[in-house]
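The values are calculated or read from the model by the stated rules, or taken from the named source; none is laboratory data. All of these numbers come straight from a predicted model, not from anything done at the bench. Positions of Cβ are generated from backbone atoms using ideal geometry, with glycine treated the same way; all protein chains shown enter the neighbour counts. Ligands, DNA and RNA are excluded from the accessible area calculation, which covers all protein heavy atoms including side chains. Shrake-Rupley method; radii C 1.70, N 1.55, O 1.52, S 1.80 Å.
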Amino acid sequence: MKKYIWIFFGSFLISAGLYFFLIQHDIAAGGVSGFSVVLSNIFPVLSVGVANAVLNVLIMSLGVVILGFDFAKKSIFASLILSVFIIIFERVFPNVILTNDKIINIIFGAITMSLGLAIVFYNGSSTGGTDLIASVLNKLTGIPIHISMFLADFVVVISSMIVFGVELGLYAVLTIMIQSIGIDYFIQGFGRKIAILVISDKYEEINKLIISKHKKGVTLLKAEGGYSYDDKKVVMTVTPFRMYPKIREEIINVDKKAFIFTYQVSEVLGEGFTFDQFSEN
């Protein structure tokens, strides 16, 4: 249930970014939503939301037939919510223009959509569209998925240039580039933690401090001094960034000579992070 709430919220962000920053300015930034903008302009009787819903239904039906229901079902919920929100925005906010500055629109539109897409992807779903098209092309032709996705976006951008002009088409390309970078950044950010490694003669006290007070798991690594060849123990733990300053301060209080170094971790799975830590059997 929790995942569906996050997917719902992510779909809302995608639709808001699309509608308020891109659709209102005829920026067709790839994918089914971008093609919907183009179709809506060619056939004014079709709103972007309706065109998006119709295209997604057609693509998902094709996906079910060729790839099977298990593959397509992940996309159904998010793609329907996305289409519904766009339709609602078109009805409730038909003439709302937040800014006419194209650069501001593509930056905020791409960032908002990237965050929404990252939330949806992180929770094991997708918005359908380009993902399914690429997978169908891969199944039918053997073309690699990343090339299939590029071809799908390429067709949308070329269509955008033909319908809206080269300038808006180039803005669409820039939006896709920012969006791609943003998705990677946000997905890594959701699971980002900091690994702390400490070399100290008082490793037992530090080990006890981290386990007992901060309720974090610790691994003791065997090491050898490169100069002295003395046996050493390295205390290693992984924690959210917000906890690091406090843990660092307390380690220094235990041993002012402690050698501490850290590095960023993109994702952590396991005890203390994805299931309960120190639980009783």
* Please report, in whole Å, how far the alpha carbons of the chain spread along each principal axis, starting with the longest. => 76, 43, 37
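Near residue 223, within a Cβ-to-Cβ distance under 11 Å, what is the net charge of the other residues, with Lys and Arg +1 and Asp and Glu -1? Present the calculation step by step, with values, prior to reporting the outcome.
Numbers: positive: 222, 232, 233; negative: 224, 230, 231.
Here the charged neighbours net out to 0.
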* Charge tally in the Cβ shell below 12 Å around residue 19, where Lys, Arg are +1 and Asp, Glu are -1, residue 19 excluded -> 0
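Placing unit charges on C-beta atoms (Lys and Arg positive, Asp and Glu negative, everything else neutral), compute the dipole magnitude of the chain about its Cα centre in debye, rounded to 20.
Details: 22 positive and 21 negative charges, 104 e Å.
It works out to roughly 500 debye.
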* Is any helix in the chain, taking whole DSSP H runs, at least 20 angstrom long along its axis by alpha carbon and on average at least -0.5 on the Kyte-Doolittle scale, and which ones? -> 2-17, 48-67, 69-92, 102-122, 145-164, 166-190
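State, as an integer percentage, the relative contact order of the chain based on alpha-carbon contacts under 8 Å between residues 6 or more apart. Walk me through the numbers before you get to the answer.
Working: 426 pairs, mean separation 57.0, N = 281.
Reported as a whole number, the value is 20 percent.
Using a 1.4 angstrom probe on the protein heavy atoms only, line up 243, 60 by accessible area, largest first.
The ordering from most to least exposed comes out as 243, 60.
What's the magnitude of the charge dipole for the stretch 1-131 around its Cα centre, counting Lys and Arg as +1 and Asp and Glu as -1 at the beta-carbon? Answer in Debye, nearest 20.
300
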* Structure fact -> Per 5 angstrom bin, beginning at 0 and ending with the bin that holds the maximum distance, the Cα pairs of the stretch 1-136 fall in percents of 2, 12, 21, 24, 21, 13, 6, 2, 0
* Asked: Given only helices, namely DSSP H runs of n ≥ 4 each adding -39500 (n - 2.57), what is the per-residue ellipticity at 222 nm of the chain, to the nearest 500 deg cm²/dmol?
  -> -20000 deg cm²/dmol
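Students sometimes get this wrong: rank 154, 85, 9 by accessible area, probe 1.4 Å, all chains present, largest first. Intermediate results must be reported in sequence, preceding the final value.
On the way: 154 110, 85 35, 9 85 Å².
Descending order: 154, 9, 85.
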* **Test item: Cα-centred dipole of the stretch 153-276, Lys/Arg +1 and Asp/Glu -1 on Cβ, debye** => 520
* Which peptide among 219-225, 109-115 comes first, and what is the full order, when sorted by highest mean count of other Cβ atoms within 10 Å? -> 109-115, 219-225
* Structure fact -> Under a 1.4 Å probe, counting only protein heavy atoms, residue 122 has an accessible area in Å², nearest 10, of 100
